[in-house]
Amino acid sequence: MELFNKRSKQVFDTEVAGTPGIAVDRAGRVVVLVRGAAKGTLHVTRQQPDGSWTEPADLGEPIEGDPVASRAADGRIGVFYRGPGNELRVLAEKGDGGWGPALTVAGEMTGNPVVAHLADGRMVLHYINAEYGALWHCWTASAGPEGFAPELLGGGSAVALAAGRLADGRQVAWHVNDRGELWEIAQEGPNSSWGGFTYQGNGVTPTLAAGIDDRGHAHLAWIDDSALTVRTRRGDGVWTDPATTRPDSEEEGEEYNPGYSGTPSVIYHPATATLAILTYKSLAHSAYFTPQGTPPERSDGAWNSECWAVNMEEQVGGGVVAVPGGDGRIVMAYITNDPRPRLGVSVLGAHM
């Protein structure tokens with residue numbers, strides 16, 4: 001079932017790698033950043049007022065991980081990524097829409113950083129130390145994407161992390177260690193100090209993603225054995241049992257790759273206060289949305305048992321992310337491998 005129909009789509013000729021970063025600028029237009037395959041440098045494309053897209057411009061900044069983008073409280077976009085030497089770097093948007101220069105925030109990180117926002121709107125970064133697998137975070141005293149101060153949170157042997165802000169304003173972070181254990185740490189109060197780590201179970205893979213809905217339920221999602229697993233931390237702090245869904249194999253050739261791949265992406269749509277989980281299948285021609293149940297079904301954090309496909313007309317090779325644009329429509333960025341790795345962007349013609 002196709003719940004989301006494409007309104008427009010564009011695939012660029014530039015060869016790329018990894019997962020794109022995506023954010024909405026102060027004008028309500030979507031900005032997509034991605035690592036170029038030829039030089040390993042950061043590229044950017046921006047949505048134009050008429051709905052078209054600029055050709056990806058090479059910003060010249062070397063990048064070894066995936067870019068993670070978010071809009072700061074002052075309206076500017078910050079792009080965070082692992083650069084040469086495993087440094088955590090930030091490239092901030094200028095007031096005139098330009099970029100840079102890139103600055104080093106911290107060293108010795110692994111994987112990709114996670115960006116969240118404190119109760120007062122300031123940015124906070126979470127990342128994993130490359131040597132011991134401990135959790136670190138960096139917060140800024142300004143309203144912009146600069147001036148980050150690294151600080152150790154603790155833990156060890158972490159291989160994946162996710163973060164968000166609870167309904168009471170507290171920042172919370174989760175990490176998975178190399179034994180598949182899930183650990184949680186949260187602030188003691190909004191914009192306050194942090195408490196200790198608490199164990200929340202095991203069997204979680206390194207494909208962790210998170211989102212928090214309008215009722216204060218935090219939802220963690222990951223891919224395990226080609227299936228999507230969702231576990232919910234309700235607003236009262238009680239965790240639900242994991243719920244697992246596996247897609248049907250309806251497309252030609254999918255019997256060879258029937259399951260989900262990569263890391264899911266959790267999208268929050270402020271206009272409808274609804275979450276959805278975005279996934280893809282290797283060698284398939286669709287991206288897949290699993291929506292949250294509608295009220296009153298989702299009062300306890302329930303999820304819809306179905307997923308809906310968006311036919312992209314070419315193989316989706318990974319890196320699927322999305323945001324609600326300024327007009328409320330979902331804008332999706334993805335990597336297609338048909339016939340080589342390139343960046344695709346699509347504006348969907350329906351609201352969540």
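No value in this document is a laboratory result; all are computed from the given coordinates. Quick caveat: nothing in here was measured; it's all calculated off a predicted structure. Note: ideal-geometry Cβ built from the backbone for every residue, glycine included; neighbour counts use all protein chains shown.
If each residue's Cβ is checked for other Cβ atoms within 10 Å, how do Ser282, Ser157 rank with the fewest at the top? Display every interim value, and only then the final one.
On the way: Ser282 18, Ser157 14.
Ascending number of Cβ neighbours within 10 Å: Ser157, Ser282.
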Checklist line | Taking only Cα atoms of the chain, radius of gyration then Dmax in Å | finding: 18.9, 53
Item checked: Rounded to whole Å, sorted largest first: equivalent-ellipsoid semi-axes of the stretch 309-351, Cα gyration tensor -> 21, 10, 7
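Within the chain, which is the longest segment containing none of the GluC sites (Glu not before Pro) that sit in a DSSP loop and have at most 10 other Cβ atoms within 10 Å?
Numbers: sites that count: Glu131, Glu188, Glu252.
Between the exposed loop sites, the longest stretch runs 1-130.
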Checklist line | Compactness of the stretch 64-205, expressed as Rg and Dmax over alpha-carbon positions, Å | finding: 14.7, 47
Check: Which cross-chain or sequence-distant (5 or more) residues have an amide H under 5 Å from the amide H of His117, H modelled 1.01 Å from N in plane?
Finding: Val124
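Taking the beta-carbon count within 10 Å as an exposure proxy, list Ser142, Ser265 from fewest neighbours to most. The partial results should precede the final answer.
Details: Ser142 13, Ser265 23.
Result, fewest neighbours first: Ser142, Ser265.
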Checklist line | Relative contact order of the stretch 64-205, pairs being alpha-carbon contacts under 8 Å that are 6 or more residues apart, as % | finding: 15
Check: Once the mean 1/r over all distinct Cα pairs of the stretch 1-137 is inverted, what Kirkwood radius in angstroms do you read off?
Finding: 15.8
Check: So if R0 is 25 Å, what FRET efficiency would Lys9 and Ser142 give, r being the distance between their Cβ atoms, rounded to the nearest 0.05?
Finding: 0.10
Checklist line | Simple label model, 7 Å out from Cα along Cβ direction - Trp239 to Glu306, nm | finding: 3.1
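Please get the size of the charge dipole for the stretch 64-205, origin at its Cα centre, with Cβ charges of +1 on Lys and Arg and -1 on Asp and Glu, quoted in debye to the nearest 20.
Values: 9 positive and 16 negative charges, 46 e Å.
Approximately 220 debye in magnitude.
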Check: How much length is gained if the chain between Thr110 and Arg215 is pulled fully straight, taking 0.36 nm per residue apart and subtracting their Cα-Cα distance, in nm to one decimal?
Finding: 34.5 nm
Margin query: If amide hydrogens are placed 1.01 Å from N in the peptide plane, which non-local residues have theirs closer than 5 Å to the one on Asp214?
Written below: none
Next item on the list: Could you grab the relative contact order for the chain? Cα pairs under 8 Å, six or more apart, rounded to a whole percent.
Entry: 15
